[in-house]
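Notes to accompany the following structure.
The values are calculated or read from the model by the stated rules, or taken from the named source; none is laboratory data. Computed from a predicted model, the values in this text were never measured in an experiment. So basically every Cβ, Gly included, is an ideal-geometry build from the backbone, and we count neighbours across all protein chains shown.
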Amino acid sequence: MVLFINEDASFQKISLHYNKGDLVFDVAEDGIDSLINFLNRLPKKYEQRLSPDLKTLYRAWHLSIKLAENGVVIPQILTTTKDKHVIRWIPAIINEEVSTLLNVIELGISPGLIKVSVSAKKKNICSYGNKQ
């Protein structure tokens with residue numbers, strides 16, 4: 001599994017590899033909702049059957065929902081273009097429990113799981129993963 005994000009941290013696509021072929025969620029084609037629906041439909045009882053990377057994504061998604069439900073997020077306003085802004089919700093890591101939960105999620109991130117596509121002028125790809 002590889003999660004691709006743009007240099008502004010916006011979701012680009014995710015490619016899941018399994019024995020019957022690849023399952024790709026592309027924001028340009030499917031929108032982010034298709035990935036969210038996929039993660040929401042995965043039954044909790046099957047969590048242990050998921051690949052390590054998919055399990056990390058599944059847990060991160062459900063943790064983000066719980067953080068938002070409990071108001072343990074901080075809004076950050078970002079300017080994307082001259083007249084366009086977005087709000088990014090950042091976990092309140094000042095809360096020790098939130099910080100601990102995020103550290104557990106981070107430990108599940110394998111090297112190469114996340115690829116950041118940077119501008120075409122720079123022509124390189126950065127990776128983020130757990131440095132064990």
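Miscellaneous remarks
- Across segment 32-43, a minimum of one residue is classified as surrounded by fewer than 17 Cβ atoms within 10 Å (Cβ to Cβ), at pLDDT below 80 and either within 20 Å of A92 (Cα to Cα) or not aromatic (F, W, Y) (or both).
- Test: residue in segment 63-83 that is in contact with a Leu (Cβ under 9 Å, 6 or more places away or on another chain), surrounded by 13 or more Cβ atoms within 10 Å (Cβ to Cβ) and hydroxyl-bearing (S, T, Y): no
- Exclusive hit being in contact with a strand residue (DSSP E or B) (Cβ under 7 Å, 6 or more places away or on another chain), crowded, with 17+ Cβ neighbours inside 10 Å and over 12 Å from L113 (Cα atoms), set F25, F4, F11: F25
- Complete set of residues in segment 38-51 that are closer than 20 Å to I114 by Cα and over 14 Å from the mean Cα position of the chain (by Cα): L50, S51
- Within segment 52-99, considering residues that are within 22 Å of L39 (Cβ to Cβ) and of a type in the set (V, I, T), the one modelled with the lowest pLDDT: V86
- The number of residues in segment 67-94 being within 23 Å of I114 (Cα to Cα) and touching a helix residue (DSSP H, G or I) at 6+ places or on another chain (Cβ under 9 Å) comes to 6.
The rows are residues; the columns are (1) closer than 17 Å to S110 by Cα; (2) part of a strand (DSSP E or B); (3) touching a residue at least 40 places away in the same chain (Cβ under 8 Å).
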| site | (1), (2), (3) |
| --- | --- |
| L3 | yes, yes, yes |
| D8 | no, no, yes |
| Q12 | no, yes, yes |
| L16 | yes, yes, no |
| L23 | no, yes, no |
| E29 | no, no, no |
| D33 | no, no, no |
| N40 | no, no, no |
| D53 | yes, no, yes |
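- When segment 55-76 is filtered for residues that are within 21 Å of P111 (Cα to Cα) and among the basic types (K, R), the ones remaining, listed by number, are K55, R59.
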